[in-house]
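Visitor: The structure that follows is given in the form of structure tokens.
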Amino acid sequence: MKLILPACFIIMLLSFPLSATEIVHKFKNPSFSGVGTASHYLTVENQEFSRKKAIEEALEAARKAAEREENNTTLAKFIRNLESRIYAQMAKQLVENMFNNDNPVRFGSFVLEGSTVTYEVITNEDGTEFIRMTIVDDQGSETIIEIPIGSGNFGSDGDGSGSDGG
């Protein structure tokens, strides 16, 4: 009886089919296995690029925010407003001097922030006049503006009849 129980157990084990496979170890990291290595390297490179770009964009955004904050101080607004009014006054005086009928200035020049502005009244052969304004910036680039004098009819008809031609 003592031998029957172990014999039954051995028979029972032998009656079941057994199967086994070879144990194979595979690396999951493509750097070790070689499978998908190129795409793995591209993914890592893309992540590095994205992180660097995000850092650069954050620094640029912070710089721009600081610049905006600096430009929006009360003092900065005051200075911009003052400059604007001074330039408007200079432009008004220049236009009054060029187009004044009582004592017109025939020529002149001045320097504004490194640019030289020269103007002169020129008379054509037919007797019409125009102002030639030449602006030369500090790099030597030249801009010429010709402004006709007395040829515009603002607020009146050219023929003086007051009709609109219809």
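Visitor: Scanning segment 123-157 for residues that are among the polar types (S, T, N, Q) and surrounded by fewer than 12 Cβ atoms within 10 Å (Cβ to Cβ), which turns out modelled with the lowest pLDDT?
Guide: So, considering only residues that are among the polar types (S, T, N, Q) and surrounded by fewer than 12 Cβ atoms within 10 Å (Cβ to Cβ), the one modelled with the lowest pLDDT is S156.
Visitor: If I filter segment 104-122 for residues that are at pLDDT 85 or above and over 41 Å from the mean Cα position of the chain (by Cα), do I get at least one hit?
Guide: Yes, that holds for at least one residue.
To keep it simple, each residue is scored yes or no on (1) surrounded by 10 or more Cβ atoms within 10 Å (Cβ to Cβ); (2) touching a residue at least 40 places away in the same chain (Cβ under 8 Å); (3) part of a helix (DSSP H, G or I).
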{"site": "P6", "(1), (2), (3)": "no, no, yes"}
{"site": "I11", "(1), (2), (3)": "no, no, yes"}
{"site": "I23", "(1), (2), (3)": "no, no, no"}
{"site": "K26", "(1), (2), (3)": "no, no, no"}
{"site": "A38", "(1), (2), (3)": "no, no, yes"}
{"site": "E60", "(1), (2), (3)": "yes, no, yes"}
{"site": "A66", "(1), (2), (3)": "yes, no, yes"}
{"site": "E83", "(1), (2), (3)": "yes, no, yes"}
{"site": "Q89", "(1), (2), (3)": "yes, no, yes"}
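The values are calculated or read from the model by the stated rules, or taken from the named source; none is laboratory data. Just so we're clear, the structure is a prediction, and the values are computed from it rather than from any experiment. Because the Cβ atoms are built from the backbone with ideal geometry, glycine has one as well, and the counts that use them run over all protein chains shown.
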